[in-house]
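Trainee: Structure incoming, see below.
A short reminder: the numbers here are calculations on the coordinates, not readings from a lab. The structure displayed is predicted, hence computed values, not measured ones. Note: ideal-geometry Cβ built from the backbone for every residue, glycine included; neighbour counts use all protein chains shown.
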Amino acid sequence: MRIADVRITPIAVPDVPLVNTKGVHQRVFLRAVIELVTDTGLIGLGEAYGAKRTLDGLQAVAPKLDGLDPYHFRDLRSRVELALPEGGGVNAPTALADHKVVDVVYSAFEIACLDLIGKHTDRPMYDLLGGAVRQDIPFGGYLFFKFANLPTAISTDIFGKVMTPDAMVEEAREIVGQYGYRSLKLKGGVLEPDLEVETMLKLREAFPDHPLRIDPMGAWTVATAKHVVEKLDGVLEYLEDPVRGMDAMAELSAQIDMPLATNLVVVEFEQVIEAVKKDAVQIVLSDHHYWRGATGAIQLGEMCRAANLGVSMHSNSHLGISLAAMCHVAAATPNLTYDCDTHYPWYDREIIKGGRVTFKDGKLRVPEGPGLGVKLDENAVAELHTLYNEMMIVDRDDTDEMLKYIPDYERKVPRW
Ligand SMILES: [Mg+2]
């Protein structure tokens, strides 16, 4: 079984204006659908970021995969590195972390290879990763402050404007009512810190048994973060990226007992070692999109076990192929003991057959079919590819988008 053809289809998915510390989501988010076609007629699926640098990387590597044995991940890795000699990162300059293009492109193709191997052996992907330690994957409700849609929006405006603590509690009630989530995470760094403290306290009152987290994405100074930690003592299960940079995280960590989590300062294996040396974080967020695929994400889990760090799971806006891969990785990572993040409630499209998946009590059953266990809805992909061509948005830039809402907006991280 060898790779005979590679299809990469960029798509645009209608999104809502979710606010974060560097700006606001654009009218669409971008993804790339990957199909690896073998000489035996099997098709392996993958889903990657769809912004320009990732897409360019995927397209540069695609012709080099001809003849690849999908079982040979080392060969895949060296083909990716050879095809992308300049390396570099994929994220917008206004983003707060950068992911290496070789890791992101490798990751996307590795998932598609695993899907192929699963189909070839008639095994679910989690069996290729060591077997499942859990079949039902718990996800948490991912809460966002948000603007109301602009008149130019093309999405359904889920939940309308949410920019106060009370509105956030209502949003949480809606999302828990619809999906049954048993924990909640707030994307913070949007309102003044004391208002976000008030938000968390109101969420605690409304959901006395839900583990709570807040992720201000580096919006606070060490002094501000310390103030927040004092106010939220006993309220949070962990605090995610309160301050910017490894050294600031270490400085804060030395002064508090609350566990710190990150998907900003630890995004490569080398940084795990630095974080341990500096005792900068206690929990690392896994993500198969940049931790060198599913096998890398599993290795991260093992590395965190050895280093006595916790493991949680990060999310970007994604569709059903990525969600299935997240479930398989979570199923096969024994020490992934926190509820996974997902942006799934924030859009209404899907690209897999059967349409939108259903959460039960906040959980998803890991797909049982061979490989990822999902099939592509080609009509849905074609529709979103047409939208990609029409929208003429090829990169993500939350800061630029923010100027449409706040014309004198200035990106400042940390802001408080
Ligand atoms: Mg985060």
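Trainee: Would you list GLU86, GLU35, GLU170 from fewest to most Cβ contacts within 10 Å? Don't skip to the answer; put the middle values down first.
Mentor: Values: GLU86 8, GLU35 18, GLU170 14.
In order of increasing Cβ crowding within 10 Å: GLU86, GLU170, GLU35.
Trainee: Where does each of LYS64, LYS412 land when they are ranked from fewest to most other beta-carbon atoms within 10 angstrom?
Mentor: Lowest to highest Cβ neighbour count: LYS412, LYS64.
Trainee: Whole Å is fine, so just give me how far the alpha carbon centre of region 281-298 lies from that of region 343-416.
Mentor: Region 281-298 and region 343-416 have Cα centres spaced 20 Å from each other.
Trainee: How big is the Kirkwood radius of region 128-365, worked out from every pair of different alpha carbons and given in Å to one decimal?
Mentor: On the way: mean 1/r = 0.0545 Å⁻¹.
This gives a value of 18.3 Å.
Trainee: Same structure, new question: Could you state the number of Å between the C-alpha centres of region 89-108 and region 219-276?
Mentor: 22 Å
Trainee: For region 108-193, which chymotrypsin sites (Phe, Trp or Tyr not before Pro) are both in a DSSP coil and crowded by at most 11 other Cβ atoms within 10 Å?
Mentor: Sites meeting the loop and neighbour criteria: none at all.
Trainee: Counting Lys +1, Arg +1, Asp -1, Glu -1, what net charge surrounds GLN59 among other residues with beta carbon under 12 Å of its beta carbon?
Mentor: The answer is +3.
Trainee: Relative contact order of region 148-228, please, whole-number percent, based on alpha carbon pairs below 8 angstrom and at least 6 residues apart.
Mentor: Reported relative contact order: 30 percent.
Trainee: Next question. Using alpha carbons only, how many degrees (0 to 90, rounded to 10) separate the axis of helix 222-231 from the longest principal axis of the chain?
Mentor: Result, in degrees: 70.
Trainee: How compact and how long is region 74-160, expressed as Rg and Dmax of its alpha-carbon atoms in Å?
Mentor: Over region 74-160's Cα set, Rg and Dmax evaluate to 19.2, 50 Å.
Trainee: Per DSSP helix of 4 or more residues, -39500 (n - 2.57); summed, then divided by the residues of the chain. What does that give at 222 nm, rounded to the nearest 500? Present the calculation step by step, with values, prior to reporting the outcome.
Mentor: On the way: 13 runs with 148 residues, N = 416.
Result for the chain, helices only: -11000 deg cm²/dmol.
Trainee: Net charge near LYS226, counting Lys/Arg +1 and Asp/Glu -1 over other residues with Cβ under 12 Å of its Cβ? If you can, show how the numbers build up before the last one.
Mentor: Details: positive: LYS231; negative: GLU230, ASP233, GLU251, ASP257.
Charge balance in the 12 Å sphere: -3.
Trainee: Next up: Quick one: Cα centre-to-centre distance for region 8-58 and region 111-181, in angstrom?
Mentor: When both Cα centres are located, 16 Å separates them.
Trainee: To the nearest 20 debye, what is the magnitude of the charge dipole of the chain about its Cα centre, counting +1 on the Cβ of each Lys and Arg and -1 on the Cβ of each Asp and Glu?
Mentor: 360 debye
Trainee: Please compute the alpha carbon radius of gyration of the chain, then divide it by the globular-protein estimate 2.2 N^0.38 Å. Two decimals is fine.
Mentor: With N residues counted in the chain, Rg over 2.2 N^0.38 Å equals 0.94.
Trainee: Still on this structure, I have one more. What number, in percent, do you get for the relative contact order of the chain if the mean sequence gap of Cα pairs under 8 Å and at least 6 apart is divided by its residue count? Could the numbers behind the result be given before it?
Mentor: Details: 915 pairs, mean separation 94.6, N = 416.
It comes to 23 percent, rounded to a whole number.
Trainee: Do any GluC sites (Glu not before Pro) in region 302-386 lie in a loop, going by DSSP, with at most 15 other beta-carbon atoms within 10 Å of their beta carbon, and if so which? Let's see the in-between values first.
Mentor: Values: sites: GLU302, GLU350, GLU368, GLU378, GLU383; in loops: GLU350, GLU368.
In loop regions of region 302-386 (DSSP not H, G, I, E or B), the sparsely surrounded GluC sites (Glu not before Pro) are GLU368.
Trainee: For region 83-216, place one equal point scatterer on every Cα, skip the solvent, and apply the Debye formula. What is log10 of I(q)/I(0) at q = 0.15, 0.17, 0.22 Å⁻¹?
Mentor: Normalising to I(0) and taking log10 leaves -0.98, -1.03, -1.15.
Trainee: Counting alpha carbon pairs within less than 8 Å and at least 6 residues apart, what relative contact order, in whole percent, applies to region 128-365? All intermediate terms of the calculation are to be shown ahead of the outcome.
Mentor: On the way: 439 pairs, mean separation 55.8, N = 238.
Relative contact order for region 128-365 comes out at 23 percent.
Trainee: I've got another one for you. Note down the net charge around TYR338, summing +1 for each Lys or Arg and -1 for each Asp or Glu among other residues with Cβ under 13 Å from its Cβ.
Mentor: That sum, taken over residues with Cβ under 13 Å, equals -1.
Trainee: Further question: To two decimal places, what compactness ratio does region 290-392 give when its Cα radius of gyration is scaled by 2.2 N^0.38 Å?
Mentor: This ratio for region 290-392 stands at 1.20.
Trainee: If we count other beta carbons within 10 Å of each Cβ, what is the order of HIS343, HIS288, fewest first?
Mentor: HIS343, HIS288
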